[in-house]
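Participant: Can you keep this structure in mind? I'll have questions shortly.
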Amino acid sequence: MEVISKRRKLAEDPFSLFSSPDRKTEAVRIILQSLREFGFDKSAAQLEMDSGIKLENENVEKFKKGIIEGQWDQVTSIVPEFNIQATKQSKIHFCLKEQKYLELIENGDFQRALDCLRNELTPNHQEDHEKLHKLASHLLCQSPEELKKTADWTGSSSQARQQLLKKVQFYIPPDIMIPPDRLQLLLSQALTHQISECKYHRDFKDTHSLLEDHMCENQLFTAKNIQTIGGGNEEEVWDVVFSNNGEAMASICKNTTISIWNFTEQGFTKRFDILNSHSHNVLSVSWSPNNDRILSTGADGVIKLWNAQTGEFISEFKEHTDKVTSSEWINDREFISGGVDRKFMAWKCAGEKQKLLDIRVRQLQKSENCKIVAILNAAINEVVIYNIETHEEITRIKEEDKITCISLSSSGNELITNVSLTDPHLNLWNTQTGCLIQMYKGHSQEKYQLKPCFIGLKEELIACGSEDGSIFIWNKLHGTVLVTLKDHTGPVNSIAYSRLRPHCLVSASDDGSLKVWSLTDN
């Protein structure tokens with residue numbers, strides 16, 4: 001109750017924050033720092049004169065200037081004046097002398113570098129033999145480039161020394177030396193907190209004003225169907241996927257047709273159809289990183305590679321012995337696939353292949369950097385989070401009911417599971433900890449697989465179709481339904497979204513259509 005009352009008091013009287021003289025001094029110092037960072041040195045000097053408060057004392061100013069100018073002996077002598085713990089002084093001393101040592105090697109002054117190692121680094125850090133041995137090995141480097149590579153060092157540039165200043169500042173109390181960009185950090189934290197408290201937040205704008213409290217009004221968020229296009233011979237449209245550059249999309253239909261669509265000023269227009277792409281149903285399609293090819297997987301157990309510009313067949317890959325449910329590109333030369341034959345495979349376009357896991361795969365999803373893969377297990381109610389680079393399992397997300405579809409965030413840190421045919425809902429999970437974050441309800445699902453997705457510039461919204469032809473959009477953090485879109489006459493199987501077209505949403509339905517929606521924040 002005490003915490004709540006303090007929060008209420010602060011909200012009612014924000015200036016109570018500065019009732020303490022110490023807080024006022026801190027505020028003035030932060031303003032002084034910001035003025036200098038913005039280049040308003042005269043204004044900062046005037047504020048110091050008017051307030052009688054200095055940003056930092058003379059020793060701190062000399063310390064900062066000395067690091068930027070490379071006056072290593074001078075800055076080392078200043079450190080004891082800060083009156084900080086001996087262990088922290090030692091760490092600062094090591095960082096400074098290490099920089100001095102490496103710069104001497106870079107300049108070819110090997111004798112002075114050796115003297116620095118023997119007389120300045122070794123006496124004060126004798127316990128760290130491994131570190132000292134590694135530093136000594138840098139004397140053998142034949143060039144500055146080799147030194148930077150072996151020492152994992154950025155050099156002696158002004159920018160590199162600025163980074164060193166930030167590194168040593170970690171050991172200096174903030175009342176002595178204010179951390180850089182302090183005002184910007186505080187404002188960013190305040191805005192982030194306001195957004196996190198906003199139940200109707202949607203992130204279709206890159207920036208938000210600092211001049212007013214952030215608040216989204218639900219009635220100002222609208223979505224309008226601006227285009228309806230066929231899904232290929234008016235068959236059920238099972239899935240739709242944007243290209244990586246947002247300039248095209250691919251859709252798959254029940255009748256094995258793959259359609260490629262171009263984005264134009266007039267909307268989406270068909271580039272071409274690939275008819276009879278597989279001998280049985282097409283189950284997935286994915287774009288190569290450079291958008292010049294697409295992979296399709298089928299119930300016939302075959303993976304096929306197509307030219308995304310012409311529709312020309314390039315090659316096929318056969319190893320699976322049953323339905324290939326999903327595939328994802330890892331780079332322009334490699335991809336992964338999964339099927340109900342308990343094969344999770346890694347492929348090279350040249351034909352080389354490797355089985356990675358024995359798992360019955362219903363669906364695959366990858367992170368934007370292609371390092372994290374989510375594998376929906378078709379045999380049990382779980383999703384395996386897998387690092388494709390190290391071939392190591394990160395965690396397993398377990399549900400109590402059937403998981404029909406999943407969606408992985410671009411960062412790979414969050415996962416949506418579409419759960420249950422009796423009490424349909426979506427769950428949001430943290431893929432690193434395996435913790436449940438939020439639940440979303442409203443859509444209907446009794447027998448179909450409905451593919452959800454993250455939407456918004458920062459993926460702060462969740463969208464999913466419904467068997468009644470609706471599309472639900474939720475606030476990710478709070479689970480609030482922001483809008484329900486109604487125009488389809490059949491189940492909405494899939495939602496496609498590209499952050500490169502933040503106001504555009506495309507839905508695929510059993511009614512044989514693709515619908516393009518304009519998302520508007522009024």
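The values are calculated or read from the model by the stated rules, or taken from the named source; none is laboratory data. Predicted model, so just to flag it, every value in this text is computed and none were measured. Methodologically, a virtual Cβ is constructed for each residue, glycine included, from the backbone with ideal geometry; neighbour enumeration extends over all protein chains shown. Quick note on the areas: whole protein, heavy atoms, side chains included, nothing else; ligands and nucleic acids left out. Shrake-Rupley method; radii C 1.70, N 1.55, O 1.52, S 1.80 Å.
Participant: Can you spot a residue in segment 485-499 that is in contact with a helix residue (DSSP H, G or I) (Cβ under 7 Å, 6 or more places away or on another chain), part of a strand (DSSP E or B), open to solvent by less than 20 Å² (accessible area, probe 1.4 Å) and in contact (Cβ under 8 Å) with a residue 60 or more places away in the chain?
Facilitator: No.
Participant: Of the numbered conditions (1) closer than 26 Å to residue 80 by Cβ; (2) surrounded by 14 or more Cβ atoms within 10 Å (Cβ to Cβ), residue 148 fails exactly one; give the number of that condition.
Facilitator: So residue 148 meets the others, but not (1).
Participant: Please work out which one of (1) assigned to a helix (DSSP H, G or I); (2) more than 18 Å from residue 167 (Cβ to Cβ) is the condition residue 54 fails and give its number.
Facilitator: That leaves (1) as the condition not met.
Participant: Of the conditions (1) under 29 Å from the mean Cα position of the chain (by Cα); (2) under 30 Å from residue 213 (Cβ atoms), residue 162 satisfies every one except a single condition; which number is it?
Facilitator: For residue 162, the exception is condition (2).
Participant: Can you name every residue in segment 79-130 that is touching a residue at least 24 places away in the same chain (Cβ under 8 Å) and either at positive phi or of a type in the set (A, V, I, L, M, F, W, C) (or both)?
Facilitator: 82, 84, 92, 94, 95, 96, 102, 105, 110, 113, 114, 121
Participant: Something else about it: For segment 294-310, enumerate the residues that are open to solvent by less than 20 Å² (accessible area, probe 1.4 Å) and either part of a loop (DSSP other than H, G, I, E, B) or in contact with a helix residue (DSSP H, G or I) (Cβ under 9 Å, 6 or more places away or on another chain) (or both).
Facilitator: Answer for segment 294-310, where residues must be open to solvent by less than 20 Å² (accessible area, probe 1.4 Å) and either part of a loop (DSSP other than H, G, I, E, B) or in contact with a helix residue (DSSP H, G or I) (Cβ under 9 Å, 6 or more places away or on another chain) (or both): 301, 308.
Participant: Which of the residues that make up segment 414-434 are more than 16 Å from residue 493 (Cα to Cα) and either open to solvent by less than 70 Å² (accessible area, probe 1.4 Å) or of a type in the set (D, E, K, R) (or both)?
Facilitator: 414, 415, 423, 427, 428, 429, 430, 431, 434
Participant: State the number of residues belonging to segment 43-77 that are β-branched (Val, Ile, Thr), under 19 Å from residue 100 (Cα atoms) and surrounded by 16 or more Cβ atoms within 10 Å (Cβ to Cβ).
Facilitator: 3
Participant: Another one. Within segment 455-470, count every residue that is hydrophobic (A, V, I, L, M, F, W, C) and either touching a helix residue (DSSP H, G or I) at 6+ places or on another chain (Cβ under 9 Å) or farther than 18 Å from residue 417 by Cβ (or both).
Facilitator: Adding up the residues that qualify gives 1.
Participant: Restricting attention to segment 374-395, which residues are free of Cβ contacts under 8 Å to residues at least 24 places away in the same chain, under 20 Å from residue 331 (Cβ atoms) and in a strand (DSSP E or B)?
Facilitator: The answer is 387, 392.
Participant: Here is a check on your reading of the model: is residue 449 open to solvent by less than 50 Å² (accessible area, probe 1.4 Å), in a loop (DSSP other than H, G, I, E, B) and at pLDDT below 95?
Facilitator: When the stated conditions are applied, residue 449 does not pass them.
Participant: Please name all residue pairs, on different chains or six or more residues apart, with Cβ atoms under 6 Å, provided the first residue is in segment 270-284 and is within 26 Å of residue 338 (Cβ to Cβ) and the second residue is among the charged types (D, E, K, R).
Facilitator: Close Cβ pairs (under 6 Å, with a partner that is among the charged types (D, E, K, R)) amount to 278/300; 279/300; 280/300.
Participant: Tally time: how many residues in segment 456-470 are surrounded by 22 or more Cβ atoms within 10 Å (Cβ to Cβ) and without any contact (Cβ under 8 Å) to a residue 60 or more places away in the chain?
Facilitator: Total satisfying the criteria: 4.
Participant: Right, something else. Given the options 444, 407, name the one that is open to solvent by less than 60 Å² (accessible area, probe 1.4 Å), touching a residue at least 24 places away in the same chain (Cβ under 8 Å), assigned to a strand (DSSP E or B) and within 24 Å of residue 239 (Cα to Cα). So that I can check it myself, show each step before the final result.
Facilitator: Details: 444 fails: assigned to a strand (DSSP E or B).
One residue alone meets the criteria, 407.
Participant: How many residues are open to solvent by 70 Å² or more (accessible area, probe 1.4 Å) and more than 23 Å from residue 134 (Cα to Cα) when one looks only at segment 159-177?
Facilitator: Count: 6.
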